[in-house]
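Every read-out reported here was derived from the displayed coordinates using simple, explicitly stated rules and does not represent laboratory data. Since this is a predicted model, take the numbers as computed values, not measurements. Cβ coordinates were reconstructed from backbone atoms using ideal geometry, including for glycine residues, and neighbour counts include every protein chain displayed.
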Amino acid sequence: MNNPIRTALVGYGSVAEKMHAPLISVCPDLDFVAVVERNGNRCEEKFPNVMTVRSLDELLSGDFADLICITTPNEFHFPMAKQCLLAGKHVVVDKPVTIYSHEAVELDQIAKEKNLICSVFHNRRYDGDFRTLQKLVAEKTLGELVYLESHFDRFRPVVSENWREKDVPGNGITFDLGSHLIDQVVLLFGKPESIFADIQKQRKNAIADDYFDISLFYEGFKARVTAGVLVNVPTPKFLLLGEKGSYQKFFLDVQEQAFKDGRIPEGKNWGVDPEERWGKLYLENETVPLQTVNGDYRIFYQNVADAILKDVPLQVTLPQTISVLKIIESAFKSAKEGRKVSQSEGGW
């Protein structure tokens with residue numbers, strides 16, 4: 001394997017342009033060499049050394065890359081990832097990996113048979129607020145925990161032209177943001193015993209689901225993950241309750257806005273949460289601000305590179321994302337039938 005690893009992007013939409021491409025370009029063990037753009041050469045304007053090709057077939061037939069990152073709409077993830085793995089390429093797929101869990105199982109089997117890396121871009125594992133939450137849980141700061149609330153609320157009253165809001169497979173907010181929030185909870189607390197979900201289309205002209213409220217039940221503990229697009233007031237990103245007190249954190253991780261602003265993810269000040277945005281610990285006799293652990297999406301691609309070059313364990317694995325997909329599938333079943341779905345029934 002060449003060092004740095006020849007890396008290509010498939011698709012050059014907003015997330016690829018503003019997040020994947022910059023992250024790949026700053027990773028010392030990755031060489032950003034090619035992009036699949038059906039029309040135009042926009043990537044070359046920012047990255048003049050990157051070659052543009054018009055199709056995945058052209059990318060693979062030319063053997064231009066060893067690691068291929070798929071950022072296309074969800075319905076294309078499975079066939080493209082499968083094609084890349086069968087061609088002997090390592091793969092990163094944008095979350096939620098595939099539309100159906102059985103497709104992700106097939107990708108996992110192929111990757112194992114061919115001894116290839118296949119990971120999923122769960123960048124929200126590297127949000128500063130979530131890393132802070134992980135630290136709180138690990139250090140048992142709040143003692144025995146009873147409840148976690150996780151929000152990803154926005155105010156977008158007008159349905160957009162984005163493919164996620166159109167009548168296409170894998171659309172909607174549950175596949176989009178639900179995969180992140182569920183992944184975080186499962187990473188923290190393991191697989192739930194059962195779930196209950198409310199999934200809706202709240203905007204009158206919505207085609208895809210634009211609201212979810214999913215409860216994940218554990219022995220003595222409940223996690224609630226929710227997101228909506230008609231929320232025009234501040235809601236906590238996280239609320240964690242325990243026997244010794246509570247933790248509340250507002251505001252989204254700073255990295256997303258930095259990417260939107262075109263900042264390059266470099267330097268020690270990347271992902272630093274300003275003090276006025278820190279969360280607070282509400283303990284029995286005092287309330288104290290808690291410094292946010294730095295967010296750092298760069299960790300994801302460096303880990304993928306290390307897994308390929310140094311046989312370091314992969315942080316985001318397909319079996320993990322298969323469990324999340326099965327929980328999402330069960331959430332739609334729960335919402336439709338108005339009942340809890342157990343782990344044994346959902347198979348996660």
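Arrange the peptides 52-63, 320-331 so that the one whose residues have, on average, the most other Cβ atoms within 10 Å appears first.
On the way: 52-63: 15.3, 320-331: 24.1.
For the peptides 52-63, 320-331, the packing ranking is 320-331, 52-63.
What Kirkwood Rh does the chain have if only Cα atoms enter the pairwise 1/r average? Answer in Å. Walk me through the numbers on the way to the answer.
Values: mean 1/r = 0.0476 Å⁻¹.
Its Kirkwood hydrodynamic radius stands at 21.0 Å.
Compute the relative contact order of the range 218-348 as a whole-number percentage, counting only Cα pairs closer than 8 Å that sit 6 or more residues apart in sequence.
15 percent
Highest first, please rank the peptides 182-191, 225-234 by the mean number of other Cβ atoms sitting within 10 Å of their residues.
Details: 182-191: 19.2, 225-234: 16.7.
Ranking, from highest mean packing down: 182-191, 225-234.
Among the trypsin sites (Lys or Arg not before Pro) in the range 173-210, which ones are in a DSSP loop with at most 15 other Cβ atoms within 10 Å of the Cβ? Mind listing them?
Loop-located and lightly packed - Lys201, Lys204.
Summing +1 for each Lys or Arg and -1 for each Asp or Glu, what net charge is found among the other residues whose Cβ lies under 13 Å from the Cβ of Thr98?
For residues surrounding Thr98, the net value is -3.
I'd like the antiparallel share, as a percent to the nearest 5, of DSSP beta bridges with both residues in the chain.
Rounded to the nearest five, the antiparallel share is 60 percent.
If we count every other residue with Cβ under 13 angstrom of Gly62's Cβ, Lys/Arg +1 and Asp/Glu -1, where does the sum land?
Overall, the nearby charge balance is -1.
Under a 5 Å amide H to amide H cut-off, with H placed in plane at 1.01 Å, what residues pair with Val293 once short-range neighbours are removed?
Answer set, sorted by chain and number: Thr132.
What is the dipole size for the chain, taken about its Cα centre, with +1 at each Lys and Arg Cβ and -1 at each Asp and Glu Cβ, in debye to the nearest 20?
360 debye
Give me the aspartates and glutamates in straight-line cross-link reach of Lys310: C-alpha distance below 17 Å, same-chain residues under 8 apart excluded.
Asp29, Asp31, Asp66
Hey, what did the chain get for relative contact order, percent, Cα under 8 Å, at least 6 apart?
Numbers: 710 pairs, mean separation 64.5, N = 348.
Worked out over the chain, it gives 19 percent.
Take every Cα pair under 8 Å in the range 5-121 that's 6+ residues apart, average their separations, divide by the length, and report that relative contact order as a whole percent. Mind dumping the intermediate values first?
Values: 208 pairs, mean separation 27.4, N = 117.
Value for the range 5-121: 23 percent.
Give the long-range amide H neighbours of Lys222: residues separated by 5 or more places, or on another chain, with amide H under 5 Å away, using H modelled in the peptide plane at 1.01 Å from N.
Amide H neighbours of Lys222: Tyr147, Leu148.
Can you give the net charge of the other residues whose Cβ lies under 13 Å from the Cβ of Glu139, counting K and R as +1 and D and E as -1?
+4
When the Debye formula is applied to the Cα atoms of the range 5-121, each taken as the same point scatterer, what base-10 log of I(q)/I(0) results at q = 0.14, 0.19 Å⁻¹?
So the normalised log intensities work out to -0.51, -0.95.
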